[in-house]
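Remarks on the structure that follows.
The values are calculated or read from the model by the stated rules, or taken from the named source; none is laboratory data. Everything numeric here is computed off the predicted structure, so don't read it as measured data. Neighbour counts run over all protein chains shown; Cβ positions are idealised from the backbone, glycine included.
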Amino acid sequence: MSGDLIKSFGEYIDKTNTENTIYHDHDIIRMSDNSFCYLPYYLGFMGIYRDSSLLFVKTTIDGLKKVKTIHKEVVKGLYVTKIEKEFETAAESACNKKYLLLKSVDIKNKKKYYDLYDIVTLEYEGSIKGFQDTIYSFSLKDNLFAAVDNYNLYIYDLKTITK
């Protein structure tokens, strides 16, 4: 409750992007009491940590992304560093005891993909095809995938998607 740092651990997985803020755009998914998955939004990989250690890193089905950094003057004498956002490999995520689901977005071509991974090995299992572009929330429960847009609730059986 004090806000004091208790412990830090780990190191940068991809040292080529540490100089810009892209490395810090990420999500973290709790996988168990002592493990989590680190999901950078734009870089195309996932890292599994257990206790205080990085266990392994896997690329997403979209592959590693080289991100272009832009250094731009916004006001005279004031510069910002940002990235050119063309593809998000982990725009949103959800998990259950079996699967990790990642939503990836091709920003340039305005397409969205929903990819399933095994929660333990992070091996790619399959993708949900023909899915609505209007989805704003989704969740996993057992072998079901539920998603909501402004008007509908969609429920998919994941057994038909996986290998």
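Restricting attention to the range 51-75, report how many residues are within 19 Å of Tyr113 (Cα to Cα) and in a loop (DSSP other than H, G, I, E, B). Working first, answer last.
Step one: of the range 51-75, the residues within 19 Å of Tyr113 (Cα to Cα) are 58-65.
Now drop any that are not in a loop (DSSP other than H, G, I, E, B), which leaves 60-65.
Here the count works out to 6.
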Identify, by number, the condition in (1) small (Gly, Ala, Ser); (2) modelled with pLDDT under 85; (3) under 30 Å from Ile128 (Cα atoms) that Ser8 doesn't meet.
-> (3)
Please work out which one of (1) in a loop (DSSP other than H, G, I, E, B); (2) modelled with pLDDT of 85 or more; (3) not aromatic (Phe, Trp, Tyr) is the condition Ala90 fails and give its number.
-> (1)
Would you pick out the residues in the range 113-163 that are touching a Gly at 6+ places or on another chain (Cβ under 7 Å) and either modelled with pLDDT of 85 or more or small (Gly, Ala, Ser) (or both)?
-> Leu116
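Considering only the range 142-158, state which residues are assigned to a loop (DSSP other than H, G, I, E, B) and over 15 Å from Tyr99 (Cα atoms). Explain how you work it out, then say what you get.
Of the residues in the range 142-158, the ones assigned to a loop (DSSP other than H, G, I, E, B) are 142-143, 149-152.
Scanning the range 142-158 gives Asp149, Asn150, Tyr151, Asn152.
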